[in-house]
1. Please identify the DSSP H helices in the chain that span no less than 20 Å along the helix axis (Cα) and have a mean Kyte-Doolittle hydropathy of 1.0 or more.
2. In terms of Cα to Cα distance under 16 Å, which lysines are near enough to residue 11, apart from those fewer than 8 places away along the same chain?
3. Hey, in the GNM for the chain with a 10 angstrom Cα cutoff, which one of 63, 52, 133 fluctuates hardest?
4. With only Lys, Arg, Asp and Glu charged, each at its Cβ (+1 for the first two, -1 for the last two), find how big the charge dipole of segment 3-158 is about the Cα centre; round to the nearest 20 debye.
5. Can you bin segment 1-118 into rounded, prolate or oblate? Criterion: square roots of the alpha carbon gyration tensor eigenvalues sorted a ≥ b ≥ c, rounded for a/c under 1.5, prolate for a/b above b/c, oblate for the rest.
6. Any idea how far apart residue 125 and residue 3 come out in nm if each label point goes 7 Å out from Cα toward Cβ?
7. Comparing 88, 143, 34, which has the greatest mean-square fluctuation in the GNM of the chain with Cα pairs linked when under 10 Å apart?
8. Considering the dipole of the chain built from charges on the beta carbon (Lys and Arg +1, Asp and Glu -1) around the Cα centre, which of 106, 17, 49 is farthest to its positive end?
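Quick note: the coordinates plus some simple rules give every number you see, no bench work behind them. These numbers come from a predicted model, not from an experiment. Here the Cβ positions follow ideal geometry from the backbone for every residue, glycine too, while neighbour counts run over all protein chains shown.
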Amino acid sequence: MRQKELEKWLKIVIIAVALCGLVVCAVAIPWIGHVLIAPDPQISDMYIPWLVLFIISAIPCYVILYLGWRVAVNIGKDRSFSLENARHIKLASKIILFDALYFFVVNVCMWRIYVNHPGVILALVFIVFACVVVSVVAAVLSHLVVKAADLQEQSDLTI
């Protein structure tokens, strides 16, 4: 696959993920919240905190998509193995870890003030674990891109 074609497909995937995230945040989560509070009006005071939690948690995801867009642009310019891409990937790794930590801490706090269910905390452990795994993979990928950029630079200087 050529660089420009790869860039195009990466951008299409990034746009699709962004649109799916928008639908989830703007439609699905509010709708699910209303469905959950409809049978029990006593829990209606939990709706807004949960909605805010999800919306704030979505913001770093869009920052990561922006960083992915920047990486795609660099790939299109045949700069796949550049220090700039390594920085973007490393920053994405840190953002993923921060978002997982934020999500975990806020959920535990909500559980402590009785706005959360212990079952949600249990499910949250798996979500946080998955985020940590993705963060570690991104950090390793960033390290490998740095090494590849160094090798590419040495190769360019050799000729």
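1. Membrane-span-like by this criterion, though nothing is claimed about a membrane: 3-23, 47-76, 118-158.
2. By straight Cα distance, residue 11 reaches 77.
3. Its mean-square fluctuation being the largest, the pick is 52.
4. 160 debye
5. Oblate shape, in that a/c is at least 1.5 and b/c is the bigger or equal ratio.
6. It works out to 4.7 nm between the two label points.
7. Sorting by GNM fluctuation, first place goes to 34.
8. Of 106, 17, 49, it is 17.
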